[in-house]
Amino acid sequence: MTGLRYVYAVCRPFGTPLQSQLSGVAGDPPRALTHHGLVAVVSHVPERDFAEEPLHAHLEDLDWLTETARAHQGVIDALTTVTTPLPLRLGTVFRDDSGVRTMMEAREGDFQSTLDRLEGRVEWGVKVYAESEQQESPRPAQKATSGRDYLRQRRMQTRSHEEMWQKAEHFSNRLHENLSAFAEDSRLHPPQNPALSKATGRNVMNAAYLVPRANSEEFVELVDRTKGDVPGLRIELTGPWAAYSFAGEAL
């Protein structure tokens, strides 16, 4: 099959084959391209969609982007079950195998040192949401009998709102401290925009943790034990993922 080379990840050689039915971006199954002790996992993609100009246009198409990202992540997930992949950015494309090998050689030192650091480790994501965020309404719940009464009710609403956020902040700080002490490394990301994530509630903590694969079960249990500690807060655990948050400049 002809076409450009789409690169999903760089990793060390692995003995366990990927799923035979695994389909990559544009439907082409991924394959391994070896160079100097590194493996690039690649597949063929059509030039009409992945050359620079059409790719730039496609990245503005949400449906196309969603489908491509899903296929990209599917390959990364499959790799994560058999090795420690260093995922490359969505839409990383080269003209041919030679171009991929040139990239691997130019960045070999960064790839090797990052893979050394991430070997046998996975990323877990932990988010905390305030499910019962109190929204201020244009009028108090009980009809005020005077201007003074109206202001008093407003102050009570504001105080209740502030107390809720203090509890959420305290809980999140304590949870992050405990999880960071267990994990080998951690990252605090900006809270997610609910309009984009579609998650209910307000995201008050969005963190990633680098955990040895062998310790993942214990990490999950540690998170599970905190659920329900504070009414109105929801904890969401995701993973295990390839260590996107800890790949640094190698990406």
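The values are calculated or read from the model by the stated rules, or taken from the named source; none is laboratory data. Source: prediction; values computed, not measured. Neighbour counts are summed over all protein chains in view; Cβ atoms, including those assigned to glycine, are modelled from backbone coordinates with ideal geometry. Ligands, DNA and RNA are excluded from the accessible area calculation, which covers all protein heavy atoms including side chains. Shrake-Rupley method; radii C 1.70, N 1.55, O 1.52, S 1.80 Å.
Yes/no per residue for (1) at pLDDT 95 or above; (2) open to solvent by 60 Å² or more (accessible area, probe 1.4 Å); (3) assigned to a helix (DSSP H, G or I):
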{"position": "141", "(1), (2), (3)": "no, yes, no"}
{"position": "160", "(1), (2), (3)": "no, no, yes"}
{"position": "169", "(1), (2), (3)": "no, yes, yes"}
{"position": "179", "(1), (2), (3)": "yes, no, yes"}
{"position": "187", "(1), (2), (3)": "yes, yes, no"}
{"position": "191", "(1), (2), (3)": "no, yes, no"}
{"position": "199", "(1), (2), (3)": "no, no, no"}
{"position": "221", "(1), (2), (3)": "yes, yes, yes"}
{"position": "231", "(1), (2), (3)": "no, yes, no"}
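Take the conditions touching a Lys or Arg at 6+ places or on another chain (Cβ under 8 Å) and at pLDDT below 95 and apply them to residue 27. Does it pass? Walk me through how you get there before you give the answer.
Values: touching a Lys or Arg at 6+ places or on another chain (Cβ under 8 Å): no; at pLDDT below 95: yes.
Against the criterion (touching a Lys or Arg at 6+ places or on another chain (Cβ under 8 Å) and at pLDDT below 95), residue 27 does not qualify.
Any residue in the stretch 51-63 that is of a type outside the set (S, T, N, Q), in contact with a Phe, Trp or Tyr (Cβ under 8 Å, 6 or more places away or on another chain) and touching a residue at least 24 places away in the same chain (Cβ under 8 Å)?
Narrowing the stretch 51-63 to residues of a type outside the set (S, T, N, Q): 51-63.
Then drop every residue that is not in contact with a Phe, Trp or Tyr (Cβ under 8 Å, 6 or more places away or on another chain), which leaves 58.
Those still in the list that are touching a residue at least 24 places away in the same chain (Cβ under 8 Å) too: none.
No.
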Considering each of 95, 48, 107, 101 in turn, give the residue that is open to solvent by 60 Å² or more (accessible area, probe 1.4 Å) and either closer than 23 Å to residue 243 by Cβ or touching a Gly at 6+ places or on another chain (Cβ under 7 Å) (or both). 107
Against the conditions (1) open to solvent by less than 40 Å² (accessible area, probe 1.4 Å); (2) under 17 Å from the mean Cα position of the chain (by Cα), where does residue 240 fall short? Just the number, please. (1)
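Within the stretch 64-98, how many residues are part of a helix (DSSP H, G or I) and among the β-branched types (Val, Ile, Thr)?
Residues of the stretch 64-98 part of a helix (DSSP H, G or I): 64-80, 97-98.
Remaining after also requiring among the β-branched types (Val, Ile, Thr): 66, 68, 75-76, 80.
Of the residues in that region, 5 qualify.
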Output the residues belonging to the stretch 74-92 that are closer than 15 Å to residue 43 by Cα, open to solvent by 10 Å² or more (accessible area, probe 1.4 Å) and more than 14 Å from the chain's Cα centre (by Cα). 91, 92
When you scan the stretch 112-124, do you find a residue that is without any contact (Cβ under 8 Å) to a residue 12 or more places away in the chain, closer than 23 Å to residue 206 by Cα, open to solvent by 60 Å² or more (accessible area, probe 1.4 Å) and out of contact with any Ser or Thr (no Cβ under 6 Å at 6 or more places or on another chain), even just one? no
Applying the selection to the stretch 205-219, what residues are touching a residue at least 24 places away in the same chain (Cβ under 8 Å) and either in a helix (DSSP H, G or I) or surrounded by fewer than 18 Cβ atoms within 10 Å (Cβ to Cβ) (or both)? 212, 213, 214, 215, 216, 218, 219
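Can you spot a residue in the stretch 24-32 that is out of contact with any strand residue (DSSP E or B) (no Cβ under 7 Å at 6 or more places or on another chain) and on the phi < 0 side of the Ramachandran plot? So that I can check it myself, show each step before the final result.
Taking the stretch 24-32 first, the residues out of contact with any strand residue (DSSP E or B) (no Cβ under 7 Å at 6 or more places or on another chain) are 27.
From what's left, on the phi < 0 side of the Ramachandran plot: none.
Checking the stretch 24-32: not a single residue is out of contact with any strand residue (DSSP E or B) (no Cβ under 7 Å at 6 or more places or on another chain) and on the phi < 0 side of the Ramachandran plot.
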